[in-house]
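These notes concern the structure reproduced below.
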Amino acid sequence: MKAPPAGMLARATWSEPHHEDGAVKVQVGFPPAMRLAGISSHLWLDDGGRLTRIVQEMVAAPPSLPTELVLTDEVRAAVDGAPDNGTPEVVADVDRDGAPHASLRGSAQAVSDTQLAMWIRDPAGGLLVAIENSPRLALMCRDPAKGVTYQFPGRARVDDDPDVVATVYANTPSLERDMDAIRREVAGVVDLDLAEGMGPGGQVRMERA
């Protein structure tokens with residue numbers, strides 16, 4: 001794990017140094033909801049007081065308590081803004097033979113408090129075949145530059161409602177739409193069971209009631 005950014009250290013609390021197992025130990029604590037709970041630092045000194053060794057251990061934060069599944073503005077922005085950031089969502093599904101597949105989707109978008117959607121370019125393609133076989137899939141949204149990683153397990157289906165189709169198509173990036181000028185694509189809606197991960201505001205775990 002990489003060293004925490006300077007902003008985290010600015011918000012940290014520091015223990016008084018104390019001796020433990022022949023070393024000087026200092027504990028660093030981070031505020032709740034951060035990716036790390038803290039850092040445990042051990043420093044060894046020689047008889048002349050010179051530093052000879054440093055060992056730092058990252059202390060992972062405990063999982064956050066789940067809340068009701070209602071996609072926040074922060075999560076929605078991460079999903080909807082992914083194409084512009086060059087970080088399209090990854091979709092994982094399982095085909096009719098039970099083989100796992102992963103693909104990049106530049107049209108993933110939030111369409112309600114509990115749903116994501118995609119404009120699926122090939123109506124005869126592998127993703128729709130997989131959904132027919134097993135609706136369960138998961139999406140991942142990751143933007144390292146913004147410290148964002150979210151996962152969205154759920155159940156996918158084709159939605160034929162004209163209003164839903166029009167909304168998903170309108171909110172799909174033009175590059176994706178231009179690849180299907182006669183609109184053969186279909187709207188795939190994912191009813192989410194869970195949204196979890198880490199964003200700028202800290203840990204997120206939202207579960208469907």
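Worth a mention:
- Candidates Pro83, Pro63, Pro100: the one that is modelled with pLDDT under 90, more than 26 Å from Pro173 (Cα to Cα) and either of a type outside the set (Ser, Thr, Tyr) or surrounded by fewer than 17 Cβ atoms within 10 Å (Cβ to Cβ) (or both) is Pro63.
Listed here are the residues, each with its yes/no results for (1) under 30 Å from Glu176 (Cα atoms); (2) of a type in the set (Val, Ile, Thr).
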site	(1), (2)
Val59	no, yes
Ser64	no, no
Thr67	no, yes
Val75	yes, yes
Asp80	yes, no
Asp84	yes, no
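- Inside segment 136-163, residues that are outside any strand (DSSP E or B) and either free of Cβ contacts under 8 Å to residues at least 24 places away in the same chain or surrounded by fewer than 17 Cβ atoms within 10 Å (Cβ to Cβ) (or both) make up a count of 8.
- Taking the listed residues His42, His19, the one that is touching a Lys or Arg at 6+ places or on another chain (Cβ under 6 Å) and of a type outside the set (Phe, Trp, Tyr) is His42, with no other qualifying.
- Subset tally (residues that are at pLDDT 90 or above and within 17 Å of Gln203 (Cβ to Cβ)) for segment 145-170: 6
- Residue within segment 61-80 that is touching a residue at least 24 places away in the same chain (Cβ under 8 Å) and in contact with a helix residue (DSSP H, G or I) (Cβ under 9 Å, 6 or more places away or on another chain) present: yes
- Filter pass, Leu71 being of a type in the set (A, V, I, L, M), under 15 Å from the mean Cα position of the chain (by Cα) and in the same structural domain as Gln203 (by TED's automatic domain parsing): yes
- Qualifying residues in segment 103-118 (those that are small (Gly, Ala, Ser) and in contact with a strand residue (DSSP E or B) (Cβ under 7 Å, 6 or more places away or on another chain)) - the one surrounded by the fewest Cβ atoms within 10 Å (Cβ to Cβ): Ser103
- Taking the numbered list (1) in contact (Cβ under 8 Å) with a residue 60 or more places away in the chain; (2) touching a helix residue (DSSP H, G or I) at 6+ places or on another chain (Cβ under 7 Å); (3) of a type in the set (A, V, I, L, M) in turn, Val94 passes all entries but (1).
- Annotation: of all residues in segment 164-209 being polar (S, T, N, Q) and not in a loop (DSSP other than H, G, I, E, B), the one that is surrounded by the fewest Cβ atoms within 10 Å (Cβ to Cβ) is Ser174.
The values are calculated or read from the model by the stated rules, or taken from the named source; none is laboratory data. From a predicted model like this one, the values you see are computed outputs, not experimental measurements. As a convention, Cβ positions derive from the backbone with ideal geometry for all residues, glycine included, and neighbour counts pool all protein chains shown.
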